[in-house]
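Reading through the structure tokens given below for one structure.
The values are calculated or read from the model by the stated rules, or taken from the named source; none is laboratory data. As the structure is a prediction and not an experimental result, all values here were calculated from the model. Here Cβ is always computed from backbone atoms with ideal geometry, including for glycine, and neighbour counts include all displayed protein chains. Surface accessibility is based on the protein's heavy atoms, side chains included, excluding ligands, DNA and RNA. Shrake-Rupley method; radii C 1.70, N 1.55, O 1.52, S 1.80 Å.
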Amino acid sequence: MTTAPSTPSKAAAGRPLLDVRAVSKRFGAREVLRTVSLEIASGEFLTLLGESGSGKTTLLRLVAGFEQPTAGEIWMHGERLDPLPPYKRRVNTVFQHYALFPHLKVSENVAYGLAAAGTQKAEIATRVKDALAMVRMEEYATAKPNQLSGGQQQRVALARALVNRPKLLLLDEPLSALDANLRKEMQSELKSLQREVGITFLFVTHDQEEAMALSDRIALLRHGALEQVASPREIYARPATAYTAQFIGQTNLFRVTVSNGVAQCEAFSFPCSLPDGPALLSVRPEAIAIEAGAQQPPDAIRFSAVIRQQIYSGATELLELRTVNGTTLRARIPSGESLSGAHDFVFSSADAIPVRE
Amino acid sequence: MYSRSYKLLISVPAIFWVILFLLFPYALMFAHSFWSVRDGVILHNWNFANYATLFQNPVYWQVLLRTARIAASVTLLALLLGYPLAYFLSFHAGPRKELLYQLVIVPLWVSYLVRGYAWKTILGNDGVFNGFLQYLHITHEPLSALLYSPFAVVLMLTHIYTPFVFLPIYASLEHIPRPLVEASGDLGASPRATFFRLILPLSLPGLIAGATFAFVLSLGDFLAPLLVGGNSGTMIANIVQSLFGAAYDWPLGAAISIFILVFTLALLGLAQRLEKRWSFE
């Protein structure tokens, strides 16, 4: 396969590869997507993340052409996409359950798109061979899909899509049918494959860890609307909403009242730079530490709480805390000895991220 | 799960039924096919004379050939009608699917005889069709060739067996996972290419089953030729019927029956192999 320059800078890309403009989709009375606008840069790995029913698969199907938007437009490379039938779009899909053609051999499955495009026989043969080599499935060229394991079918589905050199590859929860170990393995393979071929990936998943591990950017969908679009680091470190903070990783939410630069909640108060009025703050469990008695930075916020539960998970452990006024909090600390009773805890006010409801 | 004796016990009625009403009569008929009849008495002298007659007397093999030709025409016509209908219902009928499906099935609840007589009324000299042609001044006298001809038999059998062709084809089309159809379009195949490269191959088991139904059922049909076939539309089952009836030549009738039975079994075996070859479960 030709190798396009990998990891192109998003700013330099100029015009986006895919431009979803104010797209809505209804199924009868059910509004599945509400005015979603999204731009995807060339070479980007963008993940649509959301719970089931959030509209992520519907958005993917609109881009593929299996559904028509109720309102809005979809553009790709300056060409309007949404009036075109699927077979006229330079987009290929890896389906959730692979959708390999059961009556065709692996090589014939991979050749399907090239044959449909009227590619020369000799070229089909070389490209199919290369595509199968890319996913390390050459030796299965003559097998039928039902003779392959889930992971192998997954590779064939990838090869079948990538062999057509689409501008955009759509992946609909492609790893969800695999068991945990294989899924981790395929994740890293998928990531390196994407760098190698330089094709833009639009990936759908409900698994936030998978989204974090793979994506350049994550678009979090909730009830058919975009909640936040940002890089994994940014979306984790600076969640815009309480929903984002809770969906991606775990968090503690504090409802505070700010007056004259002091945030006040039931458990404690601390100086902050927020405007006066009510606010919602998110503090990640790993930002909270047990006070060791050593000197603390000036912005440290102290509180004492009783450890209710200690959940061990290897390198770290999760503490479930109950403060004096009854608030339940979670702290993630490096694993150490068994703890119980009341302790003093501390976190930096810089780790208290204001979020919207 | 269940004990051997229990399994044996519950299969006794079925085995008994099969022996009494299937194997025993066939054995009897098989024996008859090697006997002969003289002066209205069946002689138990074993010989192959009946089979020789079947292949040497042009009357029999010509009727056999005509029967096969009619059955083949019915099969072809029923496929041409049944496949597009099944395809439309399965892929394009939308919310009317259930209703249309029922409409295809409903004629099966109407007696075969009633449907046969209906064709008599339609094709006869004073029938609906001739009346219509004369009303439009396309013809000036009734076309008598319509009724009592192989054409009328083919028409009636096609009408009767098209649902039998439709059903297995529809079932196999419904069985095709829709993501496969989407995947085909996604890979750049036009609807036409998707049909020929994906849908048709995957529906072949249903198509073969439907074609087998139509062919085998038409091959053994005797009511349609009786009702609308006339002399030129006589089929092999009518010959068998008369041999067992008025002509009183059971041995020859049995020989023809055995021949058709073997032919049909061979056909069913072939169809089953083809279906297996093309199924991908």
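Say we look at the range B:25-48 and pick out the residues that are open to solvent by 40 Å² or more (accessible area, probe 1.4 Å) and closer than 15 Å to residue B:257 by Cα; which of these is nearest to the chain's Cα centre (by Cα)?
Filtering the range B:25-48 for residues that are open to solvent by 40 Å² or more (accessible area, probe 1.4 Å) and closer than 15 Å to residue B:257 by Cα, the one nearest to the chain's Cα centre (by Cα) comes out as B:26.
Report the residue count in the range B:113-144 for those that are aromatic (Phe, Trp, Tyr) and open to solvent by less than 50 Å² (accessible area, probe 1.4 Å).
Here is the first cut: in the range B:113-144, the residues aromatic (Phe, Trp, Tyr) are B:117, B:119, B:129, B:132, B:135.
If we keep only those that are open to solvent by less than 50 Å² (accessible area, probe 1.4 Å) as well, we get B:119.
The number of residues fulfilling the criteria is 1.
Go through (1) within 14 Å of chain A (Cβ to nearest Cβ); (2) assigned to a loop (DSSP other than H, G, I, E, B); (3) surrounded by 17 or more Cβ atoms within 10 Å (Cβ to Cβ) for residue B:207 and report which single condition fails.
(2)
If a residue has to be surrounded by 14 or more Cβ atoms within 10 Å (Cβ to Cβ) and free of Cβ contacts under 8 Å to residues at least 24 places away in the same chain to count, how many in the range A:228-245 make the cut? Before the answer, list the steps.
Filtering the range A:228-245 down to residues surrounded by 14 or more Cβ atoms within 10 Å (Cβ to Cβ) leaves A:228-232, A:234-236, A:238-245.
Checking which are free of Cβ contacts under 8 Å to residues at least 24 places away in the same chain leaves us with A:228, A:230-232, A:234-235, A:243.
Within the range A:228-245, residues that are surrounded by 14 or more Cβ atoms within 10 Å (Cβ to Cβ) and free of Cβ contacts under 8 Å to residues at least 24 places away in the same chain number 7.
Give the residues of the range A:60-88 that are away from chain B (no Cβ under 14 Å) and of a type in the set (Asp, Glu), sorted by residue number.
Result: A:73, A:79, A:82.
Could you please let me know if residue B:202 is assigned to a helix (DSSP H, G or I), touching a Pro at 6+ places or on another chain (Cβ under 9 Å), within 30 Å of residue B:71 (Cβ to Cβ) and within 9 Å of chain A (Cβ to nearest Cβ)?
On the way: assigned to a helix (DSSP H, G or I): yes; touching a Pro at 6+ places or on another chain (Cβ under 9 Å): yes; within 30 Å of residue B:71 (Cβ to Cβ): yes; within 9 Å of chain A (Cβ to nearest Cβ): yes.
The answer is yes for residue B:202.
Could you list, in sequence order, all residues of the range B:55-65 that are open to solvent by less than 40 Å² (accessible area, probe 1.4 Å) and either closer than 30 Å to residue B:169 by Cα or not hydroxyl-bearing (Ser, Thr, Tyr) (or both)? Steps first, please.
In the first step, residues of the range B:55-65 are kept if they are open to solvent by less than 40 Å² (accessible area, probe 1.4 Å); the result is B:60, B:63-64.
Answer for the range B:55-65, where residues must be open to solvent by less than 40 Å² (accessible area, probe 1.4 Å) and either closer than 30 Å to residue B:169 by Cα or not hydroxyl-bearing (Ser, Thr, Tyr) (or both): B:63, B:64.
I need the full set of residues from the range A:328-357 which are open to solvent by 70 Å² or more (accessible area, probe 1.4 Å) and either closer than 22 Å to residue A:277 by Cβ or at pLDDT below 90 (or both), in order please.
Hits for the range A:328-357 are A:328, A:337, A:338, A:340, A:342, A:344, A:356, A:357.
Of the conditions (1) open to solvent by 60 Å² or more (accessible area, probe 1.4 Å); (2) more than 30 Å from residue B:191 (Cα to Cα), residue B:147 clears all except one; give me its number.
With (1) open to solvent by 60 Å² or more (accessible area, probe 1.4 Å); (2) more than 30 Å from residue B:191 (Cα to Cα) applied to residue B:147, the lone miss is (1).
Per-residue answers, yes or no, for (1) in contact with a strand residue (DSSP E or B) (Cβ under 8 Å, 6 or more places away or on another chain); (2) within 14 Å of chain A (Cβ to nearest Cβ); (3) surrounded by fewer than 17 Cβ atoms within 10 Å (Cβ to Cβ):
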| residue | (1), (2), (3) |
| --- | --- |
| B:219 | no, no, no |
| B:226 | no, no, no |
| B:236 | no, no, no |
| B:246 | no, no, yes |
| B:250 | yes, no, no |
| B:263 | no, no, yes |
| B:270 | no, no, yes |
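Please go through the range A:44-55 and give me each residue that is open to solvent by less than 10 Å² (accessible area, probe 1.4 Å) and not hydrophobic (A, V, I, L, M, F, W, C), ordered by number.
Step one: of the range A:44-55, the residues open to solvent by less than 10 Å² (accessible area, probe 1.4 Å) are A:44-50, A:54-55.
Within the range A:44-55, A:44, A:47, A:50, A:54, A:55 qualify.
Only one of these is in contact (Cβ under 8 Å) with a residue 40 or more places away in the chain, open to solvent by less than 60 Å² (accessible area, probe 1.4 Å), under 30 Å from residue A:135 (Cα atoms) and not small (Gly, Ala, Ser): A:280, A:220, A:274. Name it.
Numbers: A:280 fails: under 30 Å from residue A:135 (Cα atoms); A:274 fails: under 30 Å from residue A:135 (Cα atoms).
Just a single option satisfies the conditions, and that option is A:220.
Picking from B:68, B:52, which residue would you name as being surrounded by 12 or more Cβ atoms within 10 Å (Cβ to Cβ) and closer than 14 Å to residue B:256 by Cβ?
Working: B:52 fails: surrounded by 12 or more Cβ atoms within 10 Å (Cβ to Cβ).
On inspection, the qualifying residue turns out to be B:68.
State all residues of the range B:73-88 that are under 12 Å from residue B:174 (Cα atoms) and either at pLDDT below 95 or open to solvent by 50 Å² or more (accessible area, probe 1.4 Å) (or both); if no residue qualifies, say none.
B:87, B:88
Counting only residues that are closer than 21 Å to residue B:195 by Cα, outside any loop (DSSP other than H, G, I, E, B) and open to solvent by 10 Å² or more (accessible area, probe 1.4 Å), how many does the range A:56-88 have?
Initial filter on the range A:56-88 (closer than 21 Å to residue B:195 by Cα): A:64-67, A:84-88.
Filter again for outside any loop (DSSP other than H, G, I, E, B), leaving A:64, A:86-88.
From the residues that got through so far, the ones that are open to solvent by 10 Å² or more (accessible area, probe 1.4 Å) too are A:86-88.
Number of matching residues: 3.
Of the residues A:132, A:114, A:171, A:158, only one is open to solvent by less than 60 Å² (accessible area, probe 1.4 Å), within 14 Å of another protein chain (Cβ to nearest Cβ), farther than 20 Å from residue A:205 by Cα and touching a helix residue (DSSP H, G or I) at 6+ places or on another chain (Cβ under 9 Å); which? Working first, answer last.
On the way: A:132 fails: within 14 Å of another protein chain (Cβ to nearest Cβ); A:171 fails: farther than 20 Å from residue A:205 by Cα; A:158 fails: farther than 20 Å from residue A:205 by Cα.
Going through A:132, A:114, A:171, A:158 in turn, just one is open to solvent by less than 60 Å² (accessible area, probe 1.4 Å), within 14 Å of another protein chain (Cβ to nearest Cβ), farther than 20 Å from residue A:205 by Cα and touching a helix residue (DSSP H, G or I) at 6+ places or on another chain (Cβ under 9 Å): A:114.
Please find, among A:87, A:140, A:112, the residue that is aromatic (Phe, Trp, Tyr), in contact with a Gly (Cβ under 7 Å, 6 or more places away or on another chain) and without any contact (Cβ under 8 Å) to a residue 60 or more places away in the chain.
Unique residue meeting the criteria: A:87.
Looking only at the range A:309-327, how many residues end up being within 20 Å of residue A:268 (Cα to Cα) and surrounded by fewer than 12 Cβ atoms within 10 Å (Cβ to Cβ)? Spell out how you get there, then give the answer.
Taking the range A:309-327 as the starting set, the residues that turn out to be within 20 Å of residue A:268 (Cα to Cα) are A:319-327.
Filter once more, keeping what is surrounded by fewer than 12 Cβ atoms within 10 Å (Cβ to Cβ): A:325-326.
The number of residues fulfilling the criteria is 2.
If you go through the range A:89-103 one residue at a time, do you hit one that is surrounded by 17 or more Cβ atoms within 10 Å (Cβ to Cβ), more than 10 Å from chain B (Cβ to nearest Cβ) and not in a loop (DSSP other than H, G, I, E, B)?
No; the residues of the range A:89-103 include none that is surrounded by 17 or more Cβ atoms within 10 Å (Cβ to Cβ), more than 10 Å from chain B (Cβ to nearest Cβ) and not in a loop (DSSP other than H, G, I, E, B).
Tally time: how many residues in the range A:117-129 are hydrophobic (A, V, I, L, M, F, W, C), touching a residue at least 24 places away in the same chain (Cβ under 8 Å) and open to solvent by less than 60 Å² (accessible area, probe 1.4 Å)? Steps first, please.
Step one: filter the range A:117-129 for residues hydrophobic (A, V, I, L, M, F, W, C), giving A:117, A:122, A:124-125, A:128.
Add one more test, that the residue is touching a residue at least 24 places away in the same chain (Cβ under 8 Å), and what stays is A:117, A:128.
Subsequent filtering for residues that are open to solvent by less than 60 Å² (accessible area, probe 1.4 Å) retains A:128.
Final tally of qualifying residues: 1.
How many of the residues in the range B:272-281 are open to solvent by 60 Å² or more (accessible area, probe 1.4 Å) and either more than 14 Å from every other protein chain (Cβ to nearest Cβ) or part of a loop (DSSP other than H, G, I, E, B) (or both)?
Qualifying residue count for the region: 4.
I'm checking my understanding of the structure. Among residues of the range A:143-155 that are within 13 Å of chain B (Cβ to nearest Cβ) and either among the polar types (S, T, N, Q) or free of Cβ contacts under 8 Å to residues at least 12 places away in the same chain (or both), which one is surrounded by the fewest Cβ atoms within 10 Å (Cβ to Cβ)?
A:146
Of the numbered conditions (1) farther than 24 Å from residue A:246 by Cβ; (2) modelled with pLDDT of 85 or more; (3) open to solvent by 70 Å² or more (accessible area, probe 1.4 Å), residue A:304 fails exactly one; give the number of that condition.
Just one mismatch for residue A:304, condition (3).
Any idea which residue in the range B:172-194 is most open to solvent (accessible area, probe 1.4 Å), counting only those that are in contact (Cβ under 8 Å) with a residue 12 or more places away in the chain and part of a helix (DSSP H, G or I)?
Only one residue tops the list, namely B:174.
Taking the range A:33-43 as the region of interest, how many residues are buried (at least 23 other Cβ atoms within 10 Å of the Cβ) and either in contact with a Lys or Arg (Cβ under 7 Å, 6 or more places away or on another chain) or at positive phi (or both)?
Initially, the range A:33-43 is screened for residues buried (at least 23 other Cβ atoms within 10 Å of the Cβ), giving A:33, A:36, A:40.
Checking which are either in contact with a Lys or Arg (Cβ under 7 Å, 6 or more places away or on another chain) or at positive phi (or both) leaves us with A:33.
Final tally of qualifying residues: 1.
Restricting to the range B:185-199, count the residues that are more than 7 Å from chain A (Cβ to nearest Cβ) and either more than 28 Å from the chain's Cα centre (by Cα) or of a type in the set (Lys, Arg) (or both).
Of all residues in the range B:185-199, those more than 7 Å from chain A (Cβ to nearest Cβ) come to B:191-192, B:194-197, B:199.
The next check asks that each one be either more than 28 Å from the chain's Cα centre (by Cα) or of a type in the set (Lys, Arg) (or both); those that pass are B:191-192, B:194, B:197.
Selection size over the range B:185-199: 4.
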